[in-house]
Every structure is written in structure tokens, then in C-alpha cells.
Amino acid sequence: MFANFEKLGVAAVTATAIYALPMAAGADTLRLLTWGGYAPEEVIAKFEAETGHTVEVTTSNNEEMIAKLRATNGGGFDLAQPSQDRITSAQEEFGIYKPIDMSRIKSELFIPSMLAATAENSTFDGEVYGLPHVWGTSGLVVNTAKAGDVTDYTDLCEASVSGKVSYRLKRPTLIGFAYSMGLDPFAAYDDADAYQEILDQVEAKLIDCKPNVKTYWGGGDEIKQLLRSGEVIASMAWDTGGWQLNADDADITFVAPEAGALGWIDTFVLPARGRADDAAYDWINFVMRPDIASMITNTAGNFTAAVDGDAGVNADLKARYQGSFDQAAIDNIKWYPPVPAGLEALEGATLDRVNAAK
């Protein structure tokens with residue numbers, strides 16, 4: 001985030017002319033498969049006015065994106081935005097993406113370290129399939145007046161918060177609890193047997209923790225309402241949700257867990273059967289401009305991989321971020337690596353058993 005920009009020492013590009021996109025000779029409709037908040041109406045309107053392209057937005061999540069593209073063999077959309085850990089495995093299993101033509105990307109608009117890391121993590125058979133866009137973390141959202149002792153994932157199982165915690169039955173819960181238990185799940189990603197051993201330990205912990213759980217939340221609005229009402233006083237959730245709640249209640253905020261927040265990067269990928277590559281590349285270069293990146297951050301609540309992309313970000317959002325992350329917490333972020341093929345089946349079986357346990 002913005003705390004890293006000065007450390008990177010990257011000079012911001014400021015000349016508006018450098019960012020200008022040529023009016024498309026043959027304007028296309030860009031069918032964009034993305035997350036809520038990543039394509040604000042004001043950004044779409046500005047893009048359409050500058051390029052002549054039109055934009056059709058479908059909002060989704062990782063699981064649904066992969067399912068939609070798999071069902072159409074990579075058709076139906078021209079640009080999609082899965083997280084970086086959902087690229088190489090999906091390409092290996094389903095062949096739903098096509099490589100990025102790096103010559104068509106204005107690489108100077110991207111923070112070099114993030115561009116390089118995402119390129120490395122999305123390379124398959126020698127081709128780059130992903131570019132970084134929006135990034136953030138998940139960890140704990142805590143009512144500090146009522147659950148101030150909750151500073152790590154396994155603290156959600158303490159008697160002091162019994163019946164008043166929540167988390168999802170999804171991968172982040174497995175990963176977070178594993179790290180909090182002193183295990184290293186990402187190091188075991190390429191060893192299915194070792195990873196299953198970790199899952200077995202986490203499964204036992206989550207089953208023991210069930211009496212503490214008010215509910216397993218499924219959507220961001222649901223968990224925010226549970227925290228606002230006081231039915232839940234500590235939860236695993238995303239940083240943006242915590243900061244949004246903090247704007248209304250100073251006692252509730254995002255806490256970076258002692259074991260490390262879990263870091264993600266949502267990317268740009270080209271579906272294999274997309275038919276508007278020109279519009280897709282124009283959109284990528286457009287939204288990575290600092291002025292547009294700030295507009296997206298102010299809407300989505302997360303920062304982007306754009307150089308100087310924090311320049312126009314709301315000051316309150318910057319302050320809340322700084323209240324949750326000191327440098328040690330930033331350095332301790334556990335970044336999601338690519339997910340090996342078949343790993344999700346192991347996780348799904350574990351989560352099913354936790355859900356079914358009495």
C-alpha cells in the first residue's frame with residue numbers, strides 16, 4: 001500500500017499526456033468479470049468517453065469466476081479478475097485463459113515489485129497469464145472494547161468470546177488457523193500428504209471451536225451487520241470491512257493477527273475465448289493510471305498496484321490503514337501463492353467435515 005511507495009523509490013508518472021488512450025478505431029464492448037467496487041460507474045463513464053468502448057460488468061467471486069469460465073471453455077467474457085492464486089492451477093486443469101501480451105501493457109504504471117511477483121506467480125509453460133490490480137488482506141475484525149484480547153486467529157476459540165465469534169468455512173480460515181497453530185501451510189502446498197496432515201490438525205481445532213461460533217458468515221454485509229449489532233464481537237474478515245465499520249464505531253476495527261494477515265492480489269486475466277482484446281488492454285492501462293486507481297480505491301476500499309495510486313485516496317482510509325498495520329505487521333503478511341491442482345478438493349472435504357460435526 002501507500003506505506004510501500006516511498007520505500008520502493010518509484011518515481012510517479014505525472015504527465016497526463018502519457019496516460020491518454022487513443023480513441024479506438026473499432027470500438028468494442030468489454031465484457032468484464034470482476035469484483036464489486038472494481039469498476040465504479042464514474043470510471044466506466046470516463047473510460048467510455050475516452051476510448052469509445054462500452055463496458056458490461058458482471059460481479060462475481062473467485063469460485064464463480066472459475067466456474068463461469070470453465071463452463072464456457074474461457075468464453076463469455078473479455079477480461080476477468082481472479083486472485084493470483086487461481087490462475088496457474090485453473091489454466092493447467094481447464095485451459096480457460098490466454099497469455100498476456102506484455103508489449104501492450106504500460107508497465108511504468110505498475111509498482112515493479114508487484115508486477116514482477118504476479119508475473120512469476122501466474123507464469124505457466126513459460127507464458128505470463130496475470131497482471132496485478134487490487135490487493136489487500138484478511139485477518140481479524142474485533143470490537144476492541146469487548147474482545148480486546150483477540151489478537152490471533154485461535155483466540156477466537158477462547159472462552160471469553162464463546163458464542164460471539166464468526167468466520168467463513170473457506171480457505172482463509174484453514175490457512176489462518178494453521179499459521180496461528182505454528183504450522184506453515186503454504187510451505188506444504190506442493191506436498192499433498194503434508195498438507196493433509198496440516199488440514200487434519202486444523203480440522204480438529206475448528207471442530208473443538210464450534211461452540212464459540214455464532215454463525216459461519218457467507219457475505220460481507222452479513223458479517224458487518226453481526227458486528228454492528230453486537231451479536232458477534234470478533235471475526236475473521238477482510239481489512240476493508242473492518243475499516244468501514246470503524247467509520248461508524250471507533251471500537252470496531254481490523255486487527256492484523258500475530259500470526260500474520262493473509263495477503264491477496266486480484267489480477268487481470270484474459271479469458272481464452274475473449275473477443276475484445278483491444279478493449280481489455282485499453283481498460284487495464286486506463287485503470288492503472290494514478291487518478292483512476294485512486295477512484296477505485298475510494299470505492300472498493302483496497303489499494304491497487306498502481307504507481308502513486310494512493311495520491312487521491314481519502315485521508316480517513318489512509319489513517320485507518322495505518323492504525324491496523326505497523327511495519328512489522330506489513331512485513332508479516334502471508335501472501336497467497338498459486339494453488340496447486342487438486343488442493344481445493346482436500347480443503348473442501350475438510351470444511352465439509354467441520355460443517356457436519358456436532
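The values are calculated or read from the model by the stated rules, or taken from the named source; none is laboratory data. Quantities reported herein were computed from a predicted structural model and do not represent experimental measurements. Here Cβ is always computed from backbone atoms with ideal geometry, including for glycine, and neighbour counts include all displayed protein chains. Just so you know, the surface numbers come from the protein's heavy atoms only, side chains and all, with ligands and any DNA or RNA stripped out. Shrake-Rupley method; radii C 1.70, N 1.55, O 1.52, S 1.80 Å.
Some points to look at:
- On Cα atoms only, tilt of 62-71 relative to the major axis of the chain in degrees: 60 degrees
- Scanning residues 5 or more positions from Ile252 or on other chains, those with amide H under 5 Å from its amide H are Thr144, with H placed 1.01 Å from N in the peptide plane.
- Candidate lysines for bridging to Lys68, where Cα separation is under 22 Å - those fewer than 8 sequence places away on the same chain excluded: Lys98, Lys170
- Cα long-axis angle, helix 171-180 against the chain (0 to 90 degrees, to the nearest 10): 60 degrees
- Ala237 long-range amide H proximity, modeled H, under 5 Å: Gly139, Leu140, Val141
- Heavy-atom accessible surface of the chain: percent carbon and sulfur, 1.4 Å: 47 percent
- Positive-end extreme of charge dipole, the chain - chosen from Ala45, Ile198, Ile111 (charges on Cβ): Ala45
- Net +/- balance of residues flanking Gly348 in space, Cβ distance below 14 Å, scoring K and R +1, D and E -1: -1
- Amide H within-cut-off set for Phe110, under 5 Å, with H built and near neighbours excluded: Val307
- Computed E for Glu222/Thr144 - FRET, C-beta separation, R0 30 angstrom, nearest 0.05: 0.90
- Pairwise centroid distance, computed over Cα atoms, of the stretch 262-303 with the stretch 197-221, Å: 33 Å
- Calculated mean residue ellipticity, 222 nm, the chain: -11500 deg cm²/dmol, from DSSP H runs (n ≥ 4) at -39500 (n - 2.57) each, averaged per residue and rounded to 500.
- Relative to the longest principal axis of the Cα atoms of the chain, helix 41-51 runs at roughly 20 degrees.
- Whole-Hz ³J(HN,Hα) from phi, Karplus 6.51 cos²θ - 1.76 cosθ + 1.60, for the stretch 274-280, glycine and proline x: x, 10, 10, 4, 4, 5, 5
- Net charge of Cβ neighbours under 15 Å - reference Asp101; Lys, Arg +1; Asp, Glu -1: -2
- Dipole magnitude for the chain: about 580 debye, using +1 per Lys or Arg Cβ and -1 per Asp or Glu Cβ, origin at the Cα centre.
- Evaluating kT/(6 pi eta Rh) at 20 °C and 1.002 mPa s, with the Kirkwood radius of the stretch 136-204 over Cα pairs in the Stokes-Einstein relation, gives 164 µm² s⁻¹.
- Highest-first arrangement of 280-287, 62-69, where packing means the average Cβ count within 10 Å: 280-287, 62-69
- Estimated vicinal HN-Hα couplings, Hz - the stretch 222-231 in sequence order (Karplus 6.51, -1.76, 1.60; Gly, Pro = x): 5, 5, 5, 5, 4, 6, 4, 6, x, 4
- Antiparallel bridge percentage (DSSP; both residues within the chain; nearest 5): 60 percent
- Note on the chain: GNM, Cα springs under 10 Å; of Gly139, Gly242, Gly323, the largest mean-square fluctuation is that of Gly323.
- Sites Arg273 and Ser113 - FRET efficiency at Förster radius 25 Å, r taken between beta-carbons, to 0.05: 0.20
- Proximal charge balance of Asp155 [Cβ under 10 Å; K/R count +1, D/E count -1]: -4
- Peptide ranges 312-319, 163-170 listed from the most packed, as the mean C-beta count within 10 angstrom indicates: 163-170, 312-319
- Model label sites at Glu158 and Asp291, defined 7 Å from Cα along the beta-carbon direction, differ in position by 4.9 nm.
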